[in-house]
Amino acid sequence: DREHITVFHAQKAPAVNVIDYAERIAKYSSCSYCCFVVGVIYMDRFIQRQRMLERDFRINSLNVHRLLLASVMVAAKFLDDFYYSNEFWAKIGGVPNVELNTLEIEFLFLTNFELHVRIDVYDSYREEL
């Protein structure tokens, strides 16, 4: 089986590790902590949806940064009263704005626009993180 390649896959892995990347997002986006918890829930939903579609998708160094950026940005837009424009998020994430727009749309469709998170699910993920 060959891995299913998506718009989230980069040509080469970014130089920054995913922990530093998440810290950069947290520092510059001003989004609430819960956006990261919900972002991880969204990432899990994304992966589950890929499996439902019978696609062999694996989180790896080529896709985790873009997937994290899209999931946290979508969570911020859904949860927070204040959030930045996609143009600003693109600068935070180090991707062109047009690419981030594509990532957002693809992410929303591949999660079936299911953005609501039940409190028990949120609490479970928060405890794990």
Relative contact order for the chain: what percent, with Cα pairs under 8 Å and sequence separation of 6 or more?
36
What shape does segment 1-78 have by the C-alpha gyration tensor, where a ≥ b ≥ c are the square roots of the eigenvalues, rounded means a/c under 1.5, and otherwise prolate means a/b greater than b/c and oblate the rest?
oblate
Decide, for segment 15-129, between rounded, prolate and oblate: order the square roots of the alpha carbon gyration tensor eigenvalues as a ≥ b ≥ c, take rounded if a/c falls under 1.5, and otherwise choose prolate if a/b is larger than b/c, else oblate.
rounded
Can you find, among Phe36, Tyr84, Tyr125, the residue sitting farthest towards the positive end of the charge dipole of the chain, where Lys and Arg contribute +1 and Asp and Glu -1 at Cβ?
Tyr84
Among the lysines, select those whose C-alpha is under 17 Å from the C-alpha of Lys12, and discard any that sit fewer than 8 residues away in the same chain.
none
Enumerate cysteines in the chain without a disulfide-compatible partner, where compatibility requires another Cys Cβ under 4.7 angstrom.
Cys34
Based on the Cβ-Cβ distance from Asp120 to Ala15, what FRET efficiency comes out when R0 is 30 Å, to the nearest 0.05?
0.20
Net charge dipole size for segment 44-114 [Lys, Arg +1 and Asp, Glu -1 on Cβ; Debye, nearest 20]:
220
Simple spin-label estimate for Asn101 and Phe113 in nanometres, 7 Å along Cα-Cβ:
1.9
Quote the charge dipole size of the chain about the Cα centre in Debye, to the nearest 20; the model charges only the Cβ of Lys and Arg (+1) and of Asp and Glu (-1).
280
Mind checking which aspartates and glutamates have their C-alpha under 12 Å from Lys77, skipping anything on the same chain fewer than 8 residues away?
Glu104
Summing -39500 (n - 2.57) over every DSSP H run of at least 4 residues in the chain and dividing by its residue count gives a helix-only mean residue ellipticity at 222 nm, to the nearest 500 deg cm²/dmol, of -20000 deg cm²/dmol
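Only the coordinates and a few stated rules stand behind these numbers; no lab work does. These numbers come from a predicted model, not from an experiment. Methodologically, a virtual Cβ is constructed for each residue, glycine included, from the backbone with ideal geometry; neighbour enumeration extends over all protein chains shown.
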